[in-house]
Every structure is written in C-alpha cells, then in structure tokens.
Amino acid sequence: MSPKADAELNPLARALNVQLEESAPEILELLSGLGRRIYFPKGILSQSAEAKQKGHRFNATIGIATESGEAMHLPSLHRQLAPGGLGPDDIYGYAAAAGRAQLRRRWLEKQRAENPSLRGKSVGLPIVTSALTHGLALLGDLLVDPGDCLLLPDKLWGNYRLLYEVRLGARIATFPFYNAEGGLDTAGFAEALARESRERSKLIVLLNFPNNPTGYMPSEAEGRALEEALIAQANAGTRLAVICDDAYFGLFYHLSGPNGPGGPSMTESLFGRLAGRHPNLLALRLDGATKELFAWGLRCGFLTIGPGRAETAEAACAALEAKLRGLIRSGVSNSPMLSQTLVERALVAESIAEERAQKCALLRTRAEKVFEVSQRPQFRESWRVYPFNSGYFMCIELQGVEAEALRRHLLDHHGAGLIASGGRDLRIAFSCLELPQIEPLFECIHQGVQELRGG
C-alpha cells in the first residue's frame with residue numbers, strides 16, 4: 001500500500017497495521033487491500049460490550065428488546081425450546097462478532113486434545129463463523145486481491161472457484177492429487193509450489209483433508225512431505241498463507257487393501273504442524289460442528305489463526321482477530337446465538353465422546369462396504385476407484401463415458417442421484433447411504449455405464 005493510501009486509512013485500521021508491522025511484518029504483506037483497510041469499529045458493538053460490563057444501573061445500548069430482565073420473546077417460539085432448559089438470553093440475544101467466549105475456549109481445548117502437534121503452541125482463540133464457507137469467504141476478503149494465486153489439488157470442491165475466482169478475481173492453480181501409485185502426489189505438490197512461487201512473493205495454499213470429493217486423508221509420511229515442502233518454500237522467501245479446510249476432521253477409517261491406500265492415515269490436522277514454524281508461513285484452520293458434531297444446519301464453524309512467529313503470536317492474533325471481526329460485522333454481523341449455545345453445551349456433555357465414536361463407527365461400516373463392493377471384478381470395465389479412507393465421499397473414474405452424461409442418465413432412468421465432479425469423475429456420498437443401499441447403487445451405476453456405451 002502506498003504512503004498516500006496508508007494515510008487515508010481509518011486510524012483504527014492504521015493502528016492494526018502498525019501492530020502487525022511490529023509483530024509479524026510477513027503477515028501484513030499477505031493481506032489484501034481490503035484486509036489492510038478493514039478494522040473493528042468502536043461503535044455500537046464495542047460500546048454495548050462496555051455497557052454490559054459497567055452499566056449496572058441502566059443499559060440502553062443494544063438493539064434488542066428486553067422484558068423482566070431477559071430477552072423478550074414469543075411464547076409460540078419459546079415453548080419449542082424451553083424443554084431443553086435454555087434461557088431466553090442464550091437463544092434470542094446477539095452473540096459477539098467473534099462468538100461466545102466460552103464456546104471459543106472450549107473449541108480450542110478440543111483442538112488441542114485432538115491434535116498433539118498443537119499443544120503448547122501459541123495460536124488464536126477460534127473465531128466463530130457461520131460454518132466453514134463463511135470462514136473461507138472471510139479469509140478471501142482478508143487475503144485475496146484480484147490476480148492473486150491460490151494453489152489447490154486438482155480434485156477440489158467446486159465452491160472454491162465461486163469463492164475465489166468468481167467473487168474475488170483470483171486464479172486457482174492446481175497440482176495432481178494422486179500419483180501413479182495411488183497415493184497423494186506430494187512431489188507434484190512441491191513442484192507446483194515452487195513453480196507458482198517463482199514470479200510472486202505471496203502465495204495462498206488451500207489444503208482440504210479429508211478431501212472433498214475424494215475422501216482421502218494423507219498418510220503420516222505424506223503429511224510430513226507436505227509440511228517439509230511448505231517450510232522449504234517459506235525458507236526460500238515466499239510469504240505463504242496456508243488454509244487447512246478441515247471440515248471432515250475426525251472421520252478417519254484407515255481403509256487399506258490391494259486397491260486402496262497403503263496404511264493408516266494421519267489423524268491430526270496439518271495446522272498444528274505448521275503453526276509457529278516459520279515467520280513466512282501463516283497457518284489458518286477452518287473446522288466446525290457442521291460435520292464433526294453432525295450439526296450441519298446449525299452453521300457453526302471456527303476459524304483459528306496460527307502465526308509463524310511464536311514470540312509475537314499473541315499480538316499478531318489480536319490484530320488479525322480485530323480485522324476478522326470487522327469483516328464479520330460488515331457482512332453477517334454475528335453468527336446465531338442459539339447454534340453457539342447448543343454446541344457449547346454439547347462440548348461439555350459427558351456422553352459426547354461416545355456419541356461421536358458411535359457415529360464415526362457407523363460411517364466406517366459404510367465406507368468399508370463401499371470399499372469392498374466398488375472394487376469387485378465385475379465393475380472394472382465400468383470404472384476405476386480412486387483411493388479413499390476418510391470423510392463422507394469416494395470417487396470413481398468412469399471408463400468410456402462422461403460423468404455428467406451418466407449423472408443425467410441415472411437420474412432420469414434409474415432414480416439415482418450422484419455428483420459429476422468433472423470429466424469422468426463421479427462422486428458418491430456414502431455418508432447418506434444405508435448399508436443395504438450400497439450394493440444396489442453400484443450395480444445401478446454399472447448398468448448405467450453399460451447402457452450409455454450401448455447407446
């Protein structure tokens with residue numbers, strides 16, 4: 001940003017930029033123009049927060065209605081929720097822009113418990129987002145200018161293109177997801193990382209594991225190779241923002257066999273291994289209750305910041321959090337209070353670990369059945385199975401027919417809905433298939449392929 005443009009910034013934005021310049025200048029260089037301009041205003045929300053703490057006689061600040069000392073509400077709504085023991089203030093009031101404080105602390109405790117590499121590292125308190133797509137959009141606003149490059153695998157969730165190419169004018173570069181042996185192409189990733197870094201000093205890397213659409217989670221060796229490539233590029237001088245989209249975190253099945261991944265997968269996020277590792281590397285994690293707690297419609301996600309300089313991480317996190325709160329305030333204002341209350345209470349329920357384990361075990365039985373059925377010899381003439389071991393999905397590469405043509409054919413003639421994820425790749429969400437449906441579905445897909453070939 002030019003000195004003239006910097007001088008025209010709001011003083012609050014300028015102060016946050018100075019804080020980053022002093023604590024993590026590499027992060028300041030990663031910010032987009034909007035990321036440099038944004039700030040959290042000392043307006044209604046901050047004044048209301050002060051009044052909540054000190055306005056013990058009167059508090060006439062926040063734009064809600066109260067009655068008898070609690071949030072005003074309609075009985076027709078409240079009687080649907082009252083049996084759960086929730087009070088009106090935990091349902092109807094506004095949450096802070098960054099989320100309920102206790103929920104944020106509890107989610108960080110969960111992250112540290114599940115990711116050994118994260119323990120002892122200085123990272124930000126997770127910021128509540130309206131699920132992970134909102135978090136991805138916030139990071140786009142914070143980091144991405146038109147013409148910036150994002151590096152992703154070639155097996156990717158299509159919404160990334162809407163988020164970054166269409167909305168923000170960035171360019172998505174890809175690396176091959178699988179290598180010839182069927183594992184993650186870590187060499188291809190390192191080559192693409194070096195190639196895209198040659199003519200730019202800033203690069204955004206987005207890694208989604210377990211992956212959508214493939215359902216693949218790297219092995220320990222593959223995870224180390226990704227980590228080493230990123231640290232090497234940071235050492236070479238590239239400013240890296242590495243976004244870990246961990247939407248399906250925890251759903252690890254460790255499938256292996258003659259035509260599958262060759263051993264157990266990682267069981268922790270790359271975020272913990274990257275946070276605090278190098279000044280040139282800003283690690284960012286997106287996870288949430290949506291898949292991990294099987295609460296999709298609650299739209300409760302989290303964004304966690306992992307600066308590269310451990311000694312100044314607290315100051316850098318504070319500045320970035322203020323900017324992200326400004327982005328939230330200027331977009332959705334805040335995420336729903338009810339969703340946050342429900343997730344916060346669930347996290348301390350005595351039964352939650354057992355409940356999650358039961359659901360994961362159920363999904364594992366489906367994945368194992370899909371693993372076995374999809375690779376039966378009679379189907380080899382119709383498709384090749386991409387290795388998968390985690391998450392909700394698996395993909396097949398069709399032989400001799402295009403995925404979109406088959407998708408339409410199966411929908412129109414067989415009543416089967418699947419996702420064509422590009423070219424000849426067909427995505428199957430086994431997460432929403434009961435066990436008795438799995439074998440008939442793959443027989444149906446096989447029949448559809450043969451019908452299209454015959455046509």
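The values are calculated or read from the model by the stated rules, or taken from the named source; none is laboratory data. Just so you know, these numbers come straight off a predicted model, no measurement behind them. Here the Cβ positions follow ideal geometry from the backbone for every residue, glycine too, while neighbour counts run over all protein chains shown. What goes into the accessible areas is simple: the full protein's heavy atoms, side chains included, and nothing from ligands, DNA or RNA. Shrake-Rupley method; radii C 1.70, N 1.55, O 1.52, S 1.80 Å.
A compact table of results
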| item | result |
| --- | --- |
| Mean Cα-pair separation over length for segment 205-326, i.e. relative contact order, pairs under 8 Å, 6 or more apart, % | 24 |
| Gain in span if fully extended, ALA82 to ARG380, counting 0.36 nm per residue against the direct Cα distance | 101.8 nm |
| Mean residue ellipticity (222 nm) of the chain, computed from DSSP H runs ≥ 4 via -39,500 (n - 2.57), nearest 500 | -13000 deg cm²/dmol |
| Built amide H within the under 5 Å cut-off of GLY215, gap 5+ | PHE393 |
| Carbon plus sulfur fraction of accessible area for segment 167-271, probe 1.4 Å, in percent | 47 |
| Span-like helix ranges in the chain, DSSP H, alpha carbon extent 27 angstrom or more, Kyte mean at least -0.5 | 352-374, 435-454 |
| Per residue, in Å², the accessible surface of the chain once ligands and nucleic acids are set aside, probe 1.4 Å | 44 |
| Sum of side-chain charges, TYR386 neighbourhood, beta-carbon under 9 Å (Lys, Arg +1; Asp, Glu -1) | 0 |
| Segment GLU354-ASP145, length gained on full extension (0.36 nm per residue, minus Cα span) | 70.8 nm |
| Net charge contributed by nearby residues that have their C-beta within less than 14 Å of ASN212 (K/R +1, D/E -1) | -1 |
| Computed magnitude of the charge dipole of the chain (debye, nearest 20; Cβ of K, R +1, Cβ of D, E -1) | 920 |
| Exposure rank, largest accessible area first [LEU342, LEU151, LEU16; 1.4 Å] | LEU342, LEU16, LEU151 |
| Share, in percent, of DSSP beta bridges within the chain that are antiparallel, nearest 5 | 55 |
| P(r) histogram, all alpha-carbon pairs of segment 259-336 included - 10 Å bins from 0, percent | 16, 34, 33, 13, 4 |
| In Hz, Karplus ³J(HN,Hα) per residue of segment 376-387 (6.51, -1.76, 1.60; θ = phi - 60°; x = Gly, Pro) | 5, x, 5, 9, 5, 6, 9, 7, 10, 8, 6, x |
| Spin-label model distance (nm) - LEU435 vs LEU12, 7 Å beyond Cα toward Cβ | 5.6 |
| Simple label model, 7 Å out from Cα along Cβ direction - HIS413 to ALA310, nm | 6.2 |
| Correct option for Rg and Dmax of the Cα atoms in Å [calculated from the coordinates] among (i) 20.9, 71; (ii) 22.4, 72; (iii) 23.7, 80 | (iii) |
| Listed residue (VAL144, PHE209, ALA15) projecting farthest to the positive dipole end of the chain, Cβ model | ALA15 |
| Solvent-accessible area of TRP157 with every protein chain in place, 1.4 Å probe, in Å² to the nearest 10 | 80 |
| Local net charge near LEU30, Cβ-Cβ under 14 Å (Lys/Arg +1, Asp/Glu -1) | 0 |
| 5 angstrom amide H check on PHE40, placed H, neighbours 5+ away | GLY326 |
| Placed amide H near LYS202: partners under 5 Å, 5+ positions off or other chain | ARG239 |
